[in-house]
1. I need the phi-derived Karplus couplings for the stretch B:208-222: 6.51 cos²θ - 1.76 cosθ + 1.60, θ = phi - 60°, integer Hz, Gly and Pro marked x.
2. Of all alpha-carbon pairs in the stretch B:5-71, indicate the percentage at a distance above 15 angstrom.
3. Given a Förster distance of 25 angstrom, what is the FRET efficiency for A:Ala527 paired with A:Ala203, based on the Cβ-Cβ distance and rounded to 0.05?
4. Across peptide A:552-565, what mean number of C-beta atoms from other chains lies inside 10 Å of a residue's C-beta?
5. Could you work out, residue by residue across B:72-85, how many beta carbons of other chains sit within 10 Å of that residue's beta carbon, and then give the average as an integer?
6. How many Å³ per residue does the convex hull of the Cα positions in the stretch B:2-183 occupy?
7. Determine, at each q value in 0.29 (inverse angstroms), the log₁₀ of I(q)/I(0) that the Debye formula gives when each Cα of the stretch B:32-84 is one equal point scatterer.
8. Do me a favour and compute the ellipsoid semi-axes for the stretch A:447-559 from its Cα gyration tensor, root of five times each eigenvalue, largest one first, whole Å.
Amino acid sequence: MAALTTMTAAGAVRAAARGGAPRARRVPVASRSVGGLQARPTSLARASGKVGVGAPAGAPVTSAPATTAAAAVSPGPRFHSAATPAARRRPRSTPLSETAAALPSYADGVVTSHGEATAPPRPPGTPTPPIKDYPHHPPPRVIHHPSAQHAFTKFTPRWAATPAQGPAPLPIPAYRLVDARGHFVAGATGAAGEGVGEDNILAGLGGRPRIEGLFRTMLRLREMDAVLTSAQRQGRVSFMMSTAGEEAAVIGAAAALRPDDEVLAQYREHGVLLHRGWGLAEFVNQCVGNVKGSCKGRQMPIHYGSVEHHFHTISSTLATQMPQAVGVAYALKLRHRLAAAKAALREDNGGDGGVGSCGSPRGNGGKSAPPAAVTTAVPTIAACFFGDGASSEGDAHAAFNFAPVLGTPTLFLCRNNGYAISTPASEQYASDGIAGRGPGYGMPAARIDGSDLLAVLSGIAAARAAVATTCRPFLVELLAYRQNAHSTSDDASRYRRDGERDAYIERADPVARLRALLHRRGWWMGASEEGVWRAAVRAEVVAALAAAEALPRPGWEDLFEDVYDAVPQGLVRQRDELGAHIARAVARAGGGSSAGGGP
Amino acid sequence: MSKIFMFDALRAATDEEMAKDPTVCVIGEDVGHYGGSYKVTKDLHSKYGDLRVLDTPIAENSFTGMAIGAAITGLRPIVEGMNMSFLLLAFNQISNNAGMLRYTSGGNFTLPLVIRGPGGVGRQLGAEHSQRLEAYFQAIPGLKIVACSTPYNAKGLLKSAIRDNNPVVFFEHVLLYNLQEEIPQEEYFLPLNKVEFVRKGKDITILTYSRMRHHVIQALPALLKEGYDPEVIDLISLKPLDIDSISISVKKTHKVLIVEECMKTAGIGAELIAQINEYLFDELDAPVVRLSSQDIPTPYNGSLEQATVIQPSQIVDSVKSIITSVKAIIT
């Protein structure tokens, strides 16, 4: 850094050594040809006096050496030279207040978040104007899950995974154990060996402690989302996404996985972290963006990440996590094979295992045979969450193809919640949802009623077991319904039919369904206690939020850390420049009257 | 010392690192039993297995994303792009994820990843196979970029890149794979952030990289015959630019010529000139000149293709013109 700042002094020394002869660009700005882009003589020719510089009268070239010597010492004055004629200074731009007044404002109710003009807000009681009618949308009172191409979702009480290849009956039925009223369906059969019937299945899934515990986690998630959404409306958090309607799908999945299974998520899977024990403080610290936030204030709210909880930092770009999940699974497989091969060699040789071949990707006799001690099974897998909209991305196809070809233990979990912002699932794909694609890629697929916690727990346990034992991928589609808007930036009422949301809440709300089941079994805490408990959770979140806001935000010095493992020199320079600018701004602010003006 | 082809030097670097560290793996198309389109991974699969030298289906976005996930999970993957042009398909993963994930995760996730492959204008490969993308990637925060140009620096740089804990984009050139050079038998590493001084001189600083280094070297006899004494610097490190070494040279010569193969607009030269302007303005006796390819897709026809790439004679003419014009002022 020092080497660069002394260059100007060296430049002056060199100029002096040449006898002070002016260098080409020592000609001051004023004496250059006025008017910009016309062909101008080279600075070399100008300096040699061969070509006139077209300078306005009063700025003679002979003044150049004096300006040169002065300018040579510090670069600043040369560019803001008083010799610059007033005519060349750009006119001041339109003041902000004028341009702001020209735009319509939110207060008029005229401009939406996307900037289109809409009609002024309707007086209360006015019926909603009908939205565009699609010929294949049935009337709202019939439960038509928007997630499958077919008009009615078929349910099945038995786990019905399609084979990896070969015929698969379409539409793939959705695995469901408990109906909307909280009763077990006829023929309900556990997917992971829990047995048949209510008692066996409940016992096999962990009984009252586990199920009630998960109910509380679902409530906790719902309350946390509600408080943080209010906080966003109050301006305390810039952005927020709600998971209402998908609590069972995500928390059930998290409970069916091992705690150290790697999870790569999209953005609506806070339930995984909550189930794995991430504290409320962590959630709000990240949303508020303070120094203790997991990402040090560098990511949007909701973009959580935790190495300790095996939850990869959320990236805003859709579906990029899907090929990455294949890579994570590949790494888990490779590391397990290496460890096993090393152990086997150690047994054989009595010495340190060497590094070598660790089996073929296809797992069943590729070009090199795996050592005897290596089994196909892997201890941990990679679970990848994504939405119905994200499944249309190219990265999704790429991951769906790579995982079965390369034989990676990847569990694909699609949260089909019926909408991608305003695009209903019926406009997202023409296939049988996302599960219908599995056999096309050569991997088994299944569909689960994501509003039924027990079906999620059992089904995903079965899928996970298949992935871990065969070291091959599995595609699961969880049918859910996104009760709230995509995020705090859109208004779902603009693209949803009247009554649709209420119909789904009545029939497919995962919390209500589980509560009905618990109530029937006598495992429910009761309305008043639930109310009290939820209020306590709300208070806890509110307190955590206040505490998070009281913590400091990261300082500007932190801007340049973690771009690389060590801060390279170029970024050190940029950090110093920023520091100098901030110091000047602080001095100006605190330093009282100074000849202000310039930027 | 032993004479070795460039592709073999890259293979040797990969082999040595894979032997030392079991987490190093290679991912790409046709890298396994086929040995790689340019033979850089020849026979590695028989030594390390099909899992560590992984053949993938054709989806650059996918295997680059896969390498990112694998890097996060404790491996050190080397992604081979069959041609760097195809890595445009992986640009989302490289820019939005590889360059960013360490930062946006608060430093919690690290990505020791190498993305390597050939670029540059070949022999009549057509526009899509003749891309020079160094400048596209140069803007991405979080990446390191190097361009190798000889068997010696290829091996040393690739070994360093594999051991680096940041994502490194490693540019090779299609026409340089068959270059032969003697390299040391013993292990050596080259720094990823330093230039290579090809020739010391005092008349003019010529900044170049990759294949153009060799065109500059071919221009040297003509220049030396006429008494010019150029200093030739191979940039090697395109991100970050080694502005410190460049400034040492410019302070000596006061003139700069950039010889590059990329397109003129927003190329490597554009960034170089911006930095030279910021830090070395007072040291210049003349504007920095850049010789670059035109802003056109590379044509297939041989002589047309040749006309889009800077030839040694153009370099000679440019050096002479710069030095002559500066001498005219000073005398």
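Where a number appears in this text, it was derived from the coordinates with a stated rule and is not lab data. As the structure is a prediction and not an experimental result, all values here were calculated from the model. In this analysis, Cβ positions are derived from the backbone assuming ideal geometry, glycine residues included, and neighbour counts consider all displayed protein chains.
1. 8, 7, 6, 5, 5, 4, 6, 5, 5, 4, 5, 7, 4, x, 4
2. 49
3. Efficiency for this residue pair is about 0.40.
4. 4
5. What the average comes to for B:72-85 is 3.
6. 101
7. Log-scaled intensity ratios, in q order: -1.26.
8. One finds semi-axes of 31, 25, 21 Å for the stretch A:447-559.
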